[in-house]
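Reading through the structure tokens given below for one structure.
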Amino acid sequence: MKYFKLPVYLLLAAYVVFTGCNQQPAPAKAEGVAAIAMKWELVSNFTDAGYTARITLHNKDEQTLTDKNWALFFSIAPTPLLQPEQPQPAMLEHLNGDWYRLSPNSGFSLAKGDSIDIYYKATEFKIKETDAPLGTYIVFYDGDGSEQRIAKIEDYTLIPFTRREQLLRTAADKEEPASPAKTYQENETLSLLDADDLLPIIPTPAHFTKTNGSFALKGVAIHYSGNLGSEAGILAAKLKAITGKDFTVSEGTSSGNDIFLSVDPTVVKEKKAEAYHLSANEKGIRITGFDAAGVFYGIQSLLALLPTEVYLGKAEAPAVAAVTIDDAPRFGFRSLHLDVSRNFQEKETVLRILDVMAQYKLNHMLLYTSEDEGWRVEIPGLPELTEVGAQRQHVKTIKDPAVHPAYGSGPIAYDKGYHGSGFYTRSDFIEILKYAKSRHITVIPELNFPGHARAAIKSMEARYQRLMKEGKEEEANEYRLVDPEDQSVYLSAQLFKDNVVNVSRESTYRFFEKVVDEFARMYEEAGLKMEIFHAGGDEVAEGAWTGSPEALELLKKHPEIGDPKNLQTYFFRELVKRMEKRNLEVHGWEEVALIKDASGKYIPNPEFSGKKVVPYIWNNLFDYPDLGYRLANAGYNVVLCNVSNFYFDLAYNNDPKEPGLYWAGFIDTKNAWAFAPFNMFNTTLKGAMGEELFWDSPATKWQSLKPEARKNIRGLEAQLWSETIKGREMLEYYTLPKLLGFAESAWSPERKWETQTNRQVRLQSIDQGWNRFANTIAQKEFPKLAHFNGGYAYRVPPAGVKIENGRVMANVALPGISIHYTTDGEEPTLQSPVYKEPVVLKGSLKFKTFDAAGRSGRTIVQEVQ
């Protein structure tokens, strides 16, 4: 979720779109690779109102490119374009979303063997390699202007970011440019701890006592009482995966010298859902839960107690130390939002994420199954949702009933190595539900309306056209989502011009109900009842509905609505009525609990307070930093999703090679860990541009959370939007180890520093606690993550390096990771020298970090004269 405000002149200019009649010939088939080379270079972010970039085209072996026979298309992080300072041989044009077209101006000519430079300007800034054009392809046209051939451009060079004006977002950026020396400075407060000083478990349990002795896991049976067969089976499977040994499982009472699972609310210390008691000694292991979920989380703690050597394959007879644990979650709602719409993720990847969520005691997944760029779940009776909405490909115009390329998906649907196309069949989704259920995770589906709906709109337009051709006009209009006469002009936060459904049509509500009912049937087939549905509701563009005759007619009938911008509240009101009939709790982004005043400013809307409506609050840095607390104080149950702490798709730091977004700053594992849910201004210390914030001051103008409103904080959610995420490895890299920090904030008891009023004392306490947590990640958690499910692609941080008085010094963000180096230009390996103390070296030095499992970080090159 990203937003920015656009000047009116840009809104009007952006509406000059390329359009065409739907009856035009179909697009040319994409085939082959063009003999065209392309280079892209960020020239500078230090220009008026934005950045300047250069595109260089080289004609290697194609026909002469003229001013009529070609256009080049690509995806790039969407920002409005600005007028170039000088006339250019070709013009970059924004089409829709992140889809752009480069077209020749009059007189353009590029013969075989020639090259040409094209400069363009745009608002905002670019500092990441993931910001560069992606999915580039060229369309060749014949003399009549018809598409003749489409070919991908694979000879593509990204010029490295090295200069200050390339490394910083603006001249006023408060972050220092990325460098090994900057990383070293950031790591200086950290130090290596002994194994005995590490946390016993992540997330930290409420009560933990270690005593003498241990229990050996050799020839041990697992017994369980009641309906805990699933939990016992998962434990046996996990232990076998770790030890290579079989563990027998049976229902019954404990026979001693075994692992016994049971439910008994009288035994647990905290009488609340998901609580558990775990005891381990020479006689065996007992896990008793307040409920089955509590038993499951006790199992996760047991697995976490196994010695690190077991996960590294260095211990043949593992033993669990004698401990007593009484534990319960701080929040009953601990969620991860997973966007599979902007870039698709395979079912197996979702299952892997569910596994790691369970390992760290998360219990909800918001599965983002619909967006502008993709629809991802099969819905019976609406085949176009997956036949059209689930695939991206080149289209002739944005008016076509299809989904155009986005996020580098290129011109070909389902092209190998790209991630724009794909969906889950009903059986896939039911399997995901069952898998999550066995791990005590509730999957929440999301249908984002009325904005962010382009894939659904295009799918239903394809359905409309098909049925009209068959002469079935009534059926064609049954689920149509647009007013065909709508002339509204708008740009969404992601620069879409056509992504808002028409809320005055009954067919729009009928579509929503159809989808909800089909999801409910899938839950029933999975043995579940769907109790929550997420309705989205965010980022409806200003200007939507203003040019729709149907919407304007609705406003005449209901003058109390007033301005068209309040049609969003009207839509949500009508939607809630329909969801109440299905006994569903409706979740949504923060806008569902807001209304716009006469000036266009969002203010809390008391209408849905006390109803089964739960807003998710992400915006804690921009216009409404205290919005989460204001809504909780007003009686809403809220989920905190603070962008300053929990947006995992934001890059770890501002290094150009570190992938991710950064519109709200940079988020690392420490940000996710250092969060005070009831005192969030104590941990919101830096703004989006790196500026220091002092909202923890007694003089702050922001509203604090009232003590009596603490109960209204339903829980926390981490967000994983997928604009820049291509495939499983990137997904896991973005998620881990950030997820561990989030789990600590969501599950573990309040930490002392959360309520410390003295800023300096609080920061010192945070640094001390973080040092322990960081050591635990490196020394204990990484070996587990390298082992489970064949290993996760977690991020091993690169080394920090600085030169001082002729000495080379290096350190690392997670103590316990080793640093290896070379002096001959070769890539460091585990056999290379280990950095232990400052050394005097010269030449081209390379530093590489390795964890205990042999996983490595990015190589750092340091030139020393």
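Key figures
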| item | result |
| --- | --- |
| Answer residue from the range 550-600, given it is surrounded by fewer than 17 Cβ atoms within 10 Å (Cβ to Cβ) and among the basic types (Lys, Arg) and is farthest from Ile532 (Cα to Cα) among those | Lys556 |
| Count - residues of the range 454-472 that are over 30 Å from Glu542 (Cα atoms) and either small (Gly, Ala, Ser) or open to solvent by 10 Å² or more (accessible area, probe 1.4 Å) (or both) | 6 |
| Within the range 26-82, considering residues that are among the acidic types (Asp, Glu) and in a strand (DSSP E or B), the one surrounded by the most Cβ atoms within 10 Å (Cβ to Cβ) | Glu41 |
| Qualifying helices (runs of 4 or more DSSP H) (wholly inside the range 732-837; at least 2 residues being out of contact with any helix residue (DSSP H, G or I) (no Cβ under 8 Å at 6 or more places or on another chain), crowded, with 24+ Cβ neighbours inside 10 Å and at pLDDT 95 or above) | 738-747 |
| Scope the range 201-213; condition surrounded by fewer than 17 Cβ atoms within 10 Å (Cβ to Cβ) and farther than 14 Å from Ala328 by Cβ; matching residues | Thr209, Lys210, Thr211, Asn212, Gly213 |
| Hits in the range 252-268 - residues which are closer than 22 Å to Gly219 by Cβ and open to solvent by 70 Å² or more (accessible area, probe 1.4 Å) | Thr253, Ser255, Asn257 |
| Hits in the range 842-865 - residues which are assigned to a loop (DSSP other than H, G, I, E, B) and surrounded by fewer than 15 Cβ atoms within 10 Å (Cβ to Cβ) | Lys842, Gly854, Gln865 |
| Residues located in the range 497-509, provided they are open to solvent by 20 Å² or more (accessible area, probe 1.4 Å) and either in a loop (DSSP other than H, G, I, E, B) or closer than 22 Å to Leu367 by Cα (or both) | Asp498, Ser504, Arg505 |
| Given (1) surrounded by fewer than 20 Cβ atoms within 10 Å (Cβ to Cβ); (2) part of a loop (DSSP other than H, G, I, E, B), index of the condition Asp655 fails | (1) |
| Strands (runs of 3 or more DSSP E) enclosed by the range 191-283 - at least 2 residues per element that are within 34 Å of the chain's Cα centre (by Cα) | 207-216, 276-281 |
| Any hit, the range 637-648, residues being assigned to a helix (DSSP H, G or I) and without any contact (Cβ under 8 Å) to a residue 24 or more places away in the chain | no |
| Given (1) over 19 Å from Phe533 (Cα atoms); (2) surrounded by fewer than 20 Cβ atoms within 10 Å (Cβ to Cβ), index of the condition Arg426 fails | (1) |
| Condition met for Glu485 (under 15 Å from Leu385 (Cα atoms), open to solvent by 30 Å² or more (accessible area, probe 1.4 Å) and in a loop (DSSP other than H, G, I, E, B)) | no |
| Any hit, the range 627-634, residues being assigned to a loop (DSSP other than H, G, I, E, B) and touching a strand residue (DSSP E or B) at 6+ places or on another chain (Cβ under 9 Å) | yes |
| Number of the condition not met by Leu640 [criteria: (1) crowded, with 24+ Cβ neighbours inside 10 Å; (2) among the aliphatic types (A, V, I, L, M); (3) under 21 Å from Val592 (Cβ atoms); (4) touching a Phe, Trp or Tyr at 6+ places or on another chain (Cβ under 6 Å)] | (4) |
| Answer from Gln359, Gln391, Gln345 - the residue that is without any contact (Cβ under 8 Å) to a residue 60 or more places away in the chain and under 28 Å from Thr442 (Cα atoms) | Gln391 |
| Check on Glu165, assigned to a loop (DSSP other than H, G, I, E, B), within 30 Å of Gln862 (Cβ to Cβ) and open to solvent by 30 Å² or more (accessible area, probe 1.4 Å) | no |
| Leading residue by the ranking (surrounded by the most Cβ atoms within 10 Å (Cβ to Cβ)) among those in the range 333-392 that are among the aromatic types (Phe, Trp, Tyr) and more than 16 Å from the chain's Cα centre (by Cα) | Trp375 |
| Hey, Pro329 in contact with a helix residue (DSSP H, G or I) (Cβ under 6 Å, 6 or more places away or on another chain), open to solvent by 10 Å² or more (accessible area, probe 1.4 Å) and over 22 Å from Phe533 (Cα atoms) or not | no |
| Residue list for the range 610-637, filter: under 19 Å from Thr669 (Cα atoms) and surrounded by fewer than 24 Cβ atoms within 10 Å (Cβ to Cβ) | Leu621 |
| Residue among Tyr184, Tyr224 that is out of contact with any Ser or Thr (no Cβ under 9 Å at 6 or more places or on another chain) and open to solvent by less than 60 Å² (accessible area, probe 1.4 Å) | Tyr184 |
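Rundown of residues vs (1) open to solvent by 10 Å² or more (accessible area, probe 1.4 Å); (2) modelled with pLDDT of 95 or more; (3) assigned to a helix (DSSP H, G or I), yes/no style:
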site	(1), (2), (3)
Pro445	no, yes, no
His452	no, yes, no
Phe512	no, yes, yes
Leu528	yes, yes, no
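Here is a yes/no grid of residues against (1) under 17 Å from Trp589 (Cα atoms); (2) touching a Leu at 6+ places or on another chain (Cβ under 7 Å):
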{"residue": "Glu607", "(1), (2)": "yes, no"}
{"residue": "Asp623", "(1), (2)": "yes, no"}
{"residue": "Leu631", "(1), (2)": "yes, no"}
{"residue": "Ala651", "(1), (2)": "no, yes"}
{"residue": "Pro659", "(1), (2)": "no, no"}
{"residue": "Asn671", "(1), (2)": "no, no"}
{"residue": "Leu685", "(1), (2)": "no, yes"}
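Table: residues versus (1) part of a loop (DSSP other than H, G, I, E, B); (2) open to solvent by less than 50 Å² (accessible area, probe 1.4 Å).
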position	(1), (2)
Ala676	yes, yes
Phe681	no, yes
Gly690	yes, yes
Ala699	yes, no
Ser704	yes, no
Arg714	no, no
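The values are calculated or read from the model by the stated rules, or taken from the named source; none is laboratory data. From a predicted model like this one, the values you see are computed outputs, not experimental measurements. Counting neighbours? That spans all protein chains shown, and the Cβs are built from the backbone with ideal geometry, glycine included. Calculation scope for accessible area: heavy atoms of the full protein, side chains included, ligands and nucleic acids excluded. Shrake-Rupley method; radii C 1.70, N 1.55, O 1.52, S 1.80 Å.
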